1. Quick one: putting +1 on the C-beta of Lys and Arg, -1 on the C-beta of Asp and Glu, what dipole do you get for the chain around its Cα centre, in Debye to the nearest 20?
2. Can you work out the accessible area per residue across the chain, with the rest of the protein chains kept in place, probe 1.4 Å, in square angstrom?
3. Provide the FRET efficiency to the nearest 0.05 for the Lys178-Arg58 pair, computing r from the beta carbons and using R0 = 45 Å.
4. Average the reciprocal distances over every distinct pair of alpha-carbons in segment 101-171, invert the result, and give the Kirkwood radius in Å.
5. To the nearest 10 square angstrom, how much accessible area does Ile39 have with a 1.4 angstrom probe?
6. Okay, which of segment 94-132 sit inside 13 Å, backbone N to the point 7 Å along the Cα-Cβ direction of Glu15?
7. Tally up the carbon and sulfur contribution to the accessible surface of segment 72-176 as a whole percent, 1.4 Å probe, everything protein left in place.
8. Which of rounded, prolate or oblate describes segment 1-153 when judged by the alpha-carbon gyration tensor and an a/c cut-off of 1.5?
Amino acid sequence: MQFFALFDRDFRSGEEIEAFLERIGSTTVECHVLAQKEIENYLLAPMPIYRALCERIRTRSEVREVPEYDEILAIIDHESDAFRSRVTAQMQAHRARFLRTKRDTRDDATIHAETLERISIEWTTLERRLRIVPGKDMLAALNRTLLQRFGQSVTEALLCSNFDISECDPDLDNLLLKLDMFCASGAEPASRV
């Protein structure tokens, strides 16, 4: 029996994912680890968020005036930046733990400095940052702010319906292609882990 397993990236480093895929590699399990932290992170695209909020305001709000895109972008930037300490701590802990299992003999400070450098690079742009923040928590924080500021929030379904195909992450396209090929092969899909 063939299986397809989908894993969140969580706070795993690239090295840890490579080792995981190597370890799990088999002829009976097709495995995909998301390029972003959680599947919800694929919904964290500013323009679809903006379009979804505008749609919600126009259809459900007594006040039909929609905010400017830059205002929503600033909210997304602010809410995502609030996760920096949490993301940094989690990524450092996960990478250090993984490297200890590999008997890495480097000093903890060296490992932490390398990890901090990687995080700093990922934090330089909003697009990259939105790939590594906790997706579910970011959507919840964003919706709290949107409710407070505009009296409306956005659901996952509404966000999906406001994506243009050109805005989809290539990793998600690749995953869907792999799933199509897997299903066409007649194999049974495994549940999401």
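The values are calculated or read from the model by the stated rules, or taken from the named source; none is laboratory data. Only a predicted model underlies this, so the values are computations on that prediction, with no experimental measurement involved. Don't worry about glycine lacking a Cβ; one is built from the backbone with ideal geometry, like all the others, and counts go over all protein chains shown. Heavy atoms of the whole protein, side chains included, go into the accessibility calculation; ligands, DNA and RNA do not. Shrake-Rupley method; radii C 1.70, N 1.55, O 1.52, S 1.80 Å.
1. Values: 26 positive and 34 negative charges, 114 e Å.
With Lys and Arg at +1 and Asp and Glu at -1, about 540 debye.
2. Working: 10990 Å² over 193 residues.
The answer is 57 Å² per residue.
3. Working: r = 37 Å, r/R0 = 0.82.
FRET efficiency, Lys178 to Arg58: 0.75.
4. Numbers: mean 1/r = 0.0648 Å⁻¹.
Averaging 1/r across every pair of different Cα atoms and inverting gives 15.4 Å.
5. 60
6. 94-116, 118
7. Values: 3100 of 5860 Å².
Carbon and sulfur atoms account for 53 percent of the accessible area of segment 72-176.
8. Numbers: a/c = 3.59, a/b = 1.74, b/c = 2.06.
Oblate, because a/c is 1.5 or more while a/b does not exceed b/c.
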